Amino acid sequence: MSKRTPKLVDLVDDFFHFFSGWAIAHRLIVVTFSLLLLAIGVYFAGQVRSDNSLDSFFNRADPAYIAYKEYLDQFYSDEVTYILYRVPESEHGPFDYEAMQKIAALTEALESEVPFVREVTSLTNVEFIRADGDSILIDELMIDFPDTQQELLKLREVVLDKPIYVDSLINQDATYAAIILEMTLSSIDSQENIIFDPEKGATLDNVYPQVSNSKVKEILDRKEYQGIEFYLTGDVPMNSAYNIIFTNDSAVGTLMTLALLALLSLLLFRISLVGLFGPLTVVVLSIILVLGLMGAVGWPITLFFGITPTLLCAVGVAQSVHIIIEYQRHYATSGSRQKAVQSAISKVGGACLMAALTTAFGFLVMYVSELKSLSQMALYSAVGVMLTLVFSVSLLVVFLAGGKSKDEANTDKSTTQNSGVNKTVERAVEFCINLNLNHGKTLITTGIVLLAISIVGLTQLKIDFNFLTEFKEHVDWRIDTEKAEEEMGGILNVAYIIDTGKTDGVKDPELLKAIDQLQTYASSLPFVKKTFSVVDIQKDLNRSFHGDDKEWYQVPLQQDLVAQYFLVYEISGGDELEDYVTPDFSSTVLELRVEITESSNVLALMQSIREYAQKNPLPGAEIRETGIGLMWIKIADYIGDTQIYGYSLIFIGIAVFLCIAFGSIRVGLLTMIPNVAPVVVVLGYMGLTGMYLDYMKLLLATIAIGIAVDDSIHLVTRFRRQFFLTGNYQKAMTLAMRDVGPALIITTLILIGAFSCYMLSDMQVITSFGLLLSLSIAVALIADLLFMPALLMAVKPFGKESDPDTHKEI
């Protein structure tokens, strides 16, 4: 065998040998520089703000963003707080006399005290159109509050006879009623506009929607409203729940992760306090600097940041484990901390760099996302991963090299495997070595069969999500929303702008008739629970002008009559029209209240409406889709598009990188196999079990492969080095597995332990993501220990076996 040419990984190892020596010799500079970075990071981290508004997700040139912005410019915000209530102790339900008095007082309190509220509507103050001889009166339903229970019950019959109220303010059997709070702001408003008290700044409890939702809860909890059972749902409570949960996940989850990592480190291998706090210092410093970067460039903490601290903790500590185990092994034989550190870094530094680069690349592929917050998360997470590497080979080196060394003369040179690793871990490695030596073909065959089954499952995988089931069953918002949807109707809002392009275009009776038909068709579709438009007002007016005869609940046929109705409505004091028509009557809006269901169902019904509108075009008008519900659907769609594109990008990118690093296409592609395997197996499992690939699970593949490739790089690098030393694949496998196998097991257990912290979240979508990511990492370990070694011995990618002393091929 001829003398081999050094590959990139070998040159990198040489560099790290030099760099670690420099760091040890200049430890004061390393520590001082780290403290300086910490101070800068803390300063700018103090300026970072939380922002889960739609403005933080969308680029302002995005077509969906522009359409929604135009909608808000023409009409009011479509975000609401929806309060469903019942009176359980009364036979008259919401029309209990005492309870209705409480609702009247509650309506006034909500309208006067809740920040950013535009209008509060309940049965006590809802606009009511009634006939008055040859004219009509428009006023509040209970402008004169009933004097007796019997009068109130008569009013109940009037309310139930008005279609516009049913399944909105009262359910069909009058057992539940509702209060609707319409807001002045929307989730597209910038951070500056949503602050309530300027002196308190942009703290979570001082910004919309949190400040509004908190006030609503405080009012509902007052003792004067006891006896009424409330259910709080709608856009504002949902957004508020997101903010609270993700803020808590970021704070509590990070602390729990750090504590769990420390515990696992102590249990899995013997480590000094310096060696323990070194890795924790690395990850904490990296997280602070990531927050500092976000504060410096003005990036907010958004929904996606919630998973970042745990990921950085897991990746950073797992990376440090390889260094620490190798350090302890060399320290046991040399007795010199400085020599041990330098030897360890020179041995694993190249693999650590490659692992960090591939993990960072796994995040960076998400930079192409059309979602601003996901694109930002891709950058700052990638930076965080590289920071953990920098501090691992500099600050961690200083930690490990500090303290008094052993007496080298009295060091037991025979303890070559004394790494302080848990004996159970070492026995597990030996078990895997024996399986690879004695049952290599069986392992390869089993792996291929599992991949084939998983590929079948992949063909059955569906991309979908449901906002309701994102939350765990015990979360108040989910409980209340399920009740509201069961008793009243849809909570998700989808809007259609109907633009005539000319003044008074909406007054065309042919257009109104077409809108009425479109509204009727939309109401017939699955999951559409309620529709609202200017047509409802016209039909109610027409009925009122004809003695409240139900037969006249229809669109007027004459244009002058339509115009007259609008004029009479405005003169009579009606103010609901401005919610549905622009001041010049050139545009109007059709709103659908849709049941919260899988996104595919919402998209299907929208496609049905789109097809209906194409076959039955609105005369003289064009129709555009928008609304807060559609914006949330768009977010998930964009993530899906990003990940589908990112999957191929990360597979190709990492494969090319590995081929270059190892100087061999064959070795690079072989190294990819155990990294593709966990993604294929887990996604295949999801397909076979009917699990949806939601917007969070779509991040699974890019993150999982970026992390899983780390251990494969360490194993293949060590296998390759041992082969060139021994010239024998079986010997190289045995030595490499004993060398790096314990670190692979320990890092996997640490990663799984870290990701298990996601189970603490109140978001089911986060918990599922953590469990599936843990499963991916576990599958990657099995592939690394029970598939990759057997495959390397079978394929022999490093060349023919030889005598390492004579270089003669065997």
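The values are calculated or read from the model by the stated rules, or taken from the named source; none is laboratory data. Here the structure is a predicted model, which means the values were calculated and not measured. Cβ placement follows ideal geometry from the backbone for every residue including glycine, while neighbour counts extend to all protein chains displayed. With ligands, DNA and RNA removed, areas are computed over all heavy atoms of the protein, side chains included. Shrake-Rupley method; radii C 1.70, N 1.55, O 1.52, S 1.80 Å.
Selection within region 191-214: residues that are closer than 21 Å to ILE628 by Cα, part of a helix (DSSP H, G or I) and open to solvent by less than 30 Å² (accessible area, probe 1.4 Å). The member of this set that is modelled with the lowest pLDDT is GLN191.
Pairing residues of region 581-604 that are aromatic (Phe, Trp, Tyr) with residues that are part of a loop (DSSP other than H, G, I, E, B), at Cβ distances under 6 Å and at least 6 apart in sequence or on separate chains, gives PHE585/ASP504.
Does VAL740 fit the bill of being among the hydrophobic types (A, V, I, L, M, F, W, C) and under 30 Å from PHE798 (Cβ atoms)? Yes, satisfied. Does GLY690 count as under 30 Å from ASN493 (Cα atoms), modelled with pLDDT under 75 and surrounded by fewer than 24 Cβ atoms within 10 Å (Cβ to Cβ)? No: the conditions fail for GLY690. With respect to the conditions (1) free of Cβ contacts under 8 Å to residues at least 60 places away in the same chain; (2) within 18 Å of TYR176 (Cβ to Cβ); (3) not aliphatic (A, V, I, L, M), PHE128 lacks only one, and its number is (2).
More than 20 Å from SER168 (Cβ to Cβ), open to solvent by 40 Å² or more (accessible area, probe 1.4 Å), among the aromatic types (Phe, Trp, Tyr) and in contact with an Asp or Glu (Cβ under 9 Å, 6 or more places away or on another chain): is that true of PHE527 in this structure? Considered against the rule, which asks whether it is more than 20 Å from SER168 (Cβ to Cβ), open to solvent by 40 Å² or more (accessible area, probe 1.4 Å), among the aromatic types (Phe, Trp, Tyr) and in contact with an Asp or Glu (Cβ under 9 Å, 6 or more places away or on another chain), PHE527 comes out as no.
Residue pairs whose Cβ atoms lie under 8 Å apart, separated by 6 or more positions or on different chains, with the first residue in region 653-671 and touching a residue at least 40 places away in the same chain (Cβ under 8 Å) and aliphatic (A, V, I, L, M) and the second in a helix (DSSP H, G or I) and open to solvent by 30 Å² or more (accessible area, probe 1.4 Å), are ILE654/PHE361; LEU658/LEU669; ILE660/LEU8; ALA661/LEU8; LEU670/VAL795.
If you filter region 641-673 down to residues that are of a type outside the set (A, V, I, L, M, F, W, C) and closer than 16 Å to LEU364 by Cα, you find that the one that is modelled with the lowest pLDDT is GLN643.
Would you confirm whether or not region 255-271 contains a residue that is at pLDDT 90 or above and either among the acidic types (Asp, Glu) or open to solvent by less than 50 Å² (accessible area, probe 1.4 Å) (or both)? The answer is no; no qualifying residue exists. Scanning region 530-552 for residues that are in contact with a strand residue (DSSP E or B) (Cβ under 7 Å, 6 or more places away or on another chain) and either over 21 Å from LEU169 (Cα atoms) or open to solvent by 60 Å² or more (accessible area, probe 1.4 Å) (or both) gives PHE545, GLY547, ASP548.
The residues on offer are ASP584, ASP516, ASP575, ASP579, and the sole one that is at pLDDT below 90 and open to solvent by 30 Å² or more (accessible area, probe 1.4 Å) is ASP575.
Every condition in (1) modelled with pLDDT of 75 or more; (2) within 18 Å of the chain's Cα centre (by Cα); (3) surrounded by fewer than 17 Cβ atoms within 10 Å (Cβ to Cβ) is met by ARG610 except one, and the failing one is (2). The set of residues from region 384-413 being open to solvent by less than 60 Å² (accessible area, probe 1.4 Å), modelled with pLDDT of 70 or more and farther than 16 Å from GLN342 by Cβ comprises GLY384, VAL385, MET386, LEU387, THR388, LEU389, PHE391. Looking only at region 433-466, residues that are surrounded by 12 or more Cβ atoms within 10 Å (Cβ to Cβ) and not in a helix (DSSP H, G or I) come to 8 in all. Answer yes if at least one residue in region 101-117 is open to solvent by less than 70 Å² (accessible area, probe 1.4 Å) and either among the aromatic types (Phe, Trp, Tyr) or assigned to a strand (DSSP E or B) (or both), and no otherwise. Yes, some residue in region 101-117 is open to solvent by less than 70 Å² (accessible area, probe 1.4 Å) and either among the aromatic types (Phe, Trp, Tyr) or assigned to a strand (DSSP E or B) (or both).
For region 147-164, a tally of residues being open to solvent by 10 Å² or more (accessible area, probe 1.4 Å) and assigned to a loop (DSSP other than H, G, I, E, B) returns 5. Among the residues of region 587-604, those that are within 25 Å of the chain's Cα centre (by Cα) and either within 16 Å of GLN519 (Cβ to Cβ) or open to solvent by less than 30 Å² (accessible area, probe 1.4 Å) (or both) comprise ARG593, VAL594, ILE596, THR597, SER599, VAL602.
Of everything in region 34-77 that is closer than 30 Å to LEU396 by Cα and among the hydroxyl-bearing types (Ser, Thr, Tyr), the residue that is most open to solvent (accessible area, probe 1.4 Å) is TYR43. When region 215-234 is filtered for residues that are open to solvent by 10 Å² or more (accessible area, probe 1.4 Å) and assigned to a helix (DSSP H, G or I), the ones remaining, listed by number, are LYS215, LYS217, GLU218, LEU220, LYS223, GLU224, TYR225.
SER187 passes every criterion in (1) over 18 Å from HIS92 (Cβ atoms); (2) open to solvent by less than 30 Å² (accessible area, probe 1.4 Å); (3) part of a helix (DSSP H, G or I) apart from (3). Scanning region 452-491 for residues that are β-branched (Val, Ile, Thr) and within 22 Å of the chain's Cα centre (by Cα) returns ILE463, THR469, VAL475, ILE479, THR481, ILE491. For region 705-712, check the following and say yes or no: at least one residue is touching a residue at least 60 places away in the same chain (Cβ under 8 Å), surrounded by fewer than 23 Cβ atoms within 10 Å (Cβ to Cβ) and acidic (Asp, Glu). Checked region 705-712: no residue is touching a residue at least 60 places away in the same chain (Cβ under 8 Å), surrounded by fewer than 23 Cβ atoms within 10 Å (Cβ to Cβ) and acidic (Asp, Glu).
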